[in-house]
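Comments concern the structure below.
The values are calculated or read from the model by the stated rules, or taken from the named source; none is laboratory data. This is a predicted model, so every value here is computed, not measured. Cβ: placed from backbone, ideal geometry, glycine included. Neighbour counts: every protein chain shown. To get the accessible areas, we keep the full protein, side chains included, count just its heavy atoms, and leave off ligands, DNA and RNA. Shrake-Rupley method; radii C 1.70, N 1.55, O 1.52, S 1.80 Å.
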Amino acid sequence: MSHRFERWGIAGPAALIALGALTTGWNVTAFAEAIDTQVSANVVELILAILLFTDAMEVRGRGLFGGERNATLRLLLIALPLSILLAAVVSVFLIPDALLVALVIACIVMPIDLAPAARMLKLGSLPPRVRSILTIEGGYNDGLVAPFFGMSLAMAVAITKAIDAQPGDQNRILDQGIEDFARVFVNAAPSILAAIAVGIALGTGLGLAVRRLHRAGWASDAGIRLVTMLLPLIAFGITTSIPEINANGFVAAFVTGLAYRIMRTRGMEVRSIPHTELRFIDEVGVLTTNFVWFMLGGTMLVAFSGGVDWRLIVFAVLALTVLRIGPVYLSLLRSTVPRRDRLLIGALGPRGTASIVFTLIAYNALPSGSMEADFVLVVAVATVVGSVIIHGVIAPALLDGWGRRRGSESG
């Protein structure tokens, strides 16, 4: 029935969140216990790896940045750190009690993810360059934020546990937290570099093999569909399961997709992979994304069951608007991106699966029932649900209307 819902202006994620809330509403306590496990975090991590790989396959143009290296690097190296810093500062002023997890919250709510904006991205009224830049940024920013998220979470967990511990155990817990922080800090750059190396090697090798085998008539579309489905799982598994590599699985999955696309389409007049080869992973991506949105509906009930502090909602609104639009606009000054497109890139920065993954990791790591864990859950859920409404329902309607007006004026 999704096509009928879309005709009425209701995006798939919004409907699935409502269905998830209705389904789990009869036993919110049991659902809260289910999501507070490592298994749930692992499942969503795999889903995110698949979605990042799919995003990479959608990148148009040449190279690892799809021909948008300057704009993308500005967004990743200037706008993203600035937006995280601003979000952390604003959260401290708005919610002083959340001081220990201010940076954790900022790392959760600021990286963008295009999952809630599938309908918006398909609209012809959205400039192709804006679509391309958002796709590339959405793939890279999760991997770049992950090390900082890990470091801030390690310290937040250690301090939170130390405050609640017996006096004799406090020093031991803090020392462990400092060790965890140092380990993540030292491994941050090597982790990303190793992930990029694995992704380039894996994607390039299999992309080249598939292109030559398909040209020789040795590989069918059905076989290639299986290869593309397995690639993100293999990349994620290699980087996260082998201790000697110990790399960022999200970056590895995305770079694998970029490298595979580049080699698979080399020599083609149109640098895009045939849809017949992507049909399987596209359908799996839709299914797994729908699962995450459905689960978010129950998580929303868990987050809001104890009431909602208005300051948390205000922060979520700020995170979706000025805390992103301002840094993005500043970072793209004196670039080749027009002023209107700068505003669009800043305003059309949806939050989705990546934020949910980081939220579940933080919620599982922080002490159960702690005020800090509740803050993280409520802010993250409010931000993602708000993004579904803004970027999944309101923005497509506005862009569609704007596109029709431009068409009638030109006609």
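Quick one: is A194 touching a helix residue (DSSP H, G or I) at 6+ places or on another chain (Cβ under 8 Å) and more than 15 Å from D55 (Cα to Cα)?
Considered against the rule, which asks whether it is touching a helix residue (DSSP H, G or I) at 6+ places or on another chain (Cβ under 8 Å) and more than 15 Å from D55 (Cα to Cα), A194 comes out as yes.
Please indicate, with yes or no, whether at least one residue in segment 379-401 is within 30 Å of Q38 (Cβ to Cβ), at pLDDT below 90, open to solvent by 40 Å² or more (accessible area, probe 1.4 Å) and not charged (D, E, K, R).
Within segment 379-401 (the criterion being within 30 Å of Q38 (Cβ to Cβ), at pLDDT below 90, open to solvent by 40 Å² or more (accessible area, probe 1.4 Å) and not charged (D, E, K, R)), the answer is no, since none of the residues qualifies.
Restricting the search to segment 245-274, which residues are within 21 Å of the chain's Cα centre (by Cα), touching a residue at least 60 places away in the same chain (Cβ under 8 Å) and not in a helix (DSSP H, G or I)?
N248
Within segment 275-312, work out how many residues are of a type in the set (D, E, K, R), under 25 Å from the mean Cα position of the chain (by Cα) and over 19 Å from A222 (Cβ atoms). Talk me through it step by step, then tell me what you get.
Going residue by residue through segment 275-312, those that are of a type in the set (D, E, K, R) are 277, 279, 282-283, 309, 311.
Subset that is under 25 Å from the mean Cα position of the chain (by Cα): 277, 279, 282-283, 311.
Checking the rest, the ones that are also over 19 Å from A222 (Cβ atoms) come to 311.
Total satisfying the criteria: 1.
Which pairs have Cβ atoms under 6 Å, sit 6 or more apart or on different chains, and link a residue in segment 74-89 that is closer than 14 Å to D142 by Cα and in contact (Cβ under 8 Å) with a residue 40 or more places away in the chain to one that is in a helix (DSSP H, G or I) and of a type in the set (F, W, Y)?
L76/Y140
Using the structure shown, decide if S241 is more than 19 Å from the chain's Cα centre (by Cα), under 19 Å from L48 (Cα atoms) and at pLDDT below 90.
On the way: more than 19 Å from the chain's Cα centre (by Cα): yes; under 19 Å from L48 (Cα atoms): yes; at pLDDT below 90: yes.
So S241 passes the test.
Restrict the check to segment 301-310 and report whether at least one residue is assigned to a helix (DSSP H, G or I), modelled with pLDDT of 90 or more and touching a Pro at 6+ places or on another chain (Cβ under 7 Å).
no
What are the residue pairs meeting all of these: first residue in segment 32-57, first residue assigned to a loop (DSSP other than H, G, I, E, B), second residue at pLDDT 85 or above and among the basic types (K, R), Cβ atoms under 8 Å, and 6 or more apart or on different chains?
none
Cβ contacts < 7 Å: first residue over 13 Å from I133 (Cα atoms), restricted to segment 323-345; second residue open to solvent by 30 Å² or more (accessible area, probe 1.4 Å) and of a type in the set (G, A, S), any location; separation 6+ or different chain. Result?
Final answer for the pair search is I325/A347.
Name the single residue that is most open to solvent (accessible area, probe 1.4 Å) among those in segment 192-207 being over 16 Å from D142 (Cβ atoms) and modelled with pLDDT under 90.
Out of the qualifying residues, it is L193.
Run V328 past the list (1) under 30 Å from A34 (Cβ atoms); (2) in contact with a Gly (Cβ under 8 Å, 6 or more places away or on another chain); (3) surrounded by 24 or more Cβ atoms within 10 Å (Cβ to Cβ) and report the number of the one that doesn't hold.
(1)
Residues in segment 360-377 that are open to solvent by 10 Å² or more (accessible area, probe 1.4 Å) and in a helix (DSSP H, G or I): how many?
Looking only at that region, the number is 8.
Tell me which residues, restricted to segment 311-358, are outside any loop (DSSP other than H, G, I, E, B) and farther than 30 Å from L296 by Cα.
Step one: of segment 311-358, the residues outside any loop (DSSP other than H, G, I, E, B) are 311-320, 322-331, 339-347, 353-358.
Scanning segment 311-358 gives Y329, L330, S331, R339, R340, D341, R342.
Can you name the number of the only condition in (1) touching a Phe, Trp or Tyr at 6+ places or on another chain (Cβ under 9 Å); (2) buried (at least 24 other Cβ atoms within 10 Å of the Cβ) that T72 fails?
Unmet for T72, out of (1) touching a Phe, Trp or Tyr at 6+ places or on another chain (Cβ under 9 Å); (2) buried (at least 24 other Cβ atoms within 10 Å of the Cβ): (2).
Using beta carbons and a limit of 6 Å, which pairs, at least six apart or on different chains, have the first residue in segment 275-295 and open to solvent by 40 Å² or more (accessible area, probe 1.4 Å) and the second one assigned to a helix (DSSP H, G or I) and not aromatic (F, W, Y)?
Pairs found: T276/D221; F280/R225; F280/M229; N290/L16; F294/L16; F294/G20.
Of all residues in segment 129-148, which are open to solvent by 10 Å² or more (accessible area, probe 1.4 Å) and either of a type outside the set (D, E, K, R) or without any contact (Cβ under 8 Å) to a residue 24 or more places away in the chain (or both)?
Result: R131, S132, T135, Y140, L144, A146, P147, F148.
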